[in-house]
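Chemist: My questions will all concern the structure given below.
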Amino acid sequence: IKYAAQKHAIYSFNIANITTPGFEPILFPEDQRELQQMAQNNEYSNKVLLEHMSTTMARNRNLQSGYMAIYKKRFDTYRQIATMGKR
């Protein structure tokens with residue numbers, strides 16, 4: 001959950017600063033590989049970066065939601081064990 005939140009913050013930072021002249025985005029190795037495959041032409045690299053960051057953020061949000069659901073279920077199970085099934 002923590003790693004997904006950190007990735008989300010970095011993606012947000014990249015999107016917020018994409019139009020800044022001379023900005024170098026912070027990329028994870030898997031993102032770097034994907035971008036190298038997509039952005040063959042440097043003319044459109046900022047547009048490709050924006051689209052890639054947006055879709056990667058959505059994918060990351062879905063993963064984080066899944067992690068939170070698993071964590072919540074585990075916590076509910078422990079709470080039920082601790083209270084012997086009583087609420």
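The values are calculated or read from the model by the stated rules, or taken from the named source; none is laboratory data. Keep in mind that this is a model prediction, so the values were computed, not measured. Here the Cβ positions follow ideal geometry from the backbone for every residue, glycine too, while neighbour counts run over all protein chains shown. Remember, those area values only see protein heavy atoms, side chains included, never the ligands or the DNA or RNA. Shrake-Rupley method; radii C 1.70, N 1.55, O 1.52, S 1.80 Å.
Chemist: Skip the ligands, DNA and RNA, and give the accessible area per residue of the chain with a 1.4 Å probe, whole Å².
Modeler: Dividing the accessible area of the chain by its residue count gives 79 Å².
Chemist: Between [x] 0.95; [y] 0.99; [z] 1.23, which entry matches Rg/Rh (Cα atoms, Kirkwood Rh) as derived from the coordinates of this structure?
Modeler: The calculated read-out lines up with [z].
Chemist: Within the chain, count lysine pairs with alpha carbon atoms under 24 angstrom apart where the residues are 8 or more positions apart or belong to different chains.
Modeler: On the way: Lys2/Lys72; Lys2/Lys73; Lys7/Lys47; Lys7/Lys72; Lys7/Lys73; Lys72/Lys86; Lys73/Lys86.
Lysine pairs meeting both conditions in the chain amount to 7.
Chemist: Run the quick spin-label model on Phe23 and Thr83: label points 7 Å from Cα toward the beta carbon, then report their separation in nm to one decimal.
Modeler: With each label placed 7 Å out from Cα toward Cβ, I get 4.6 nm.
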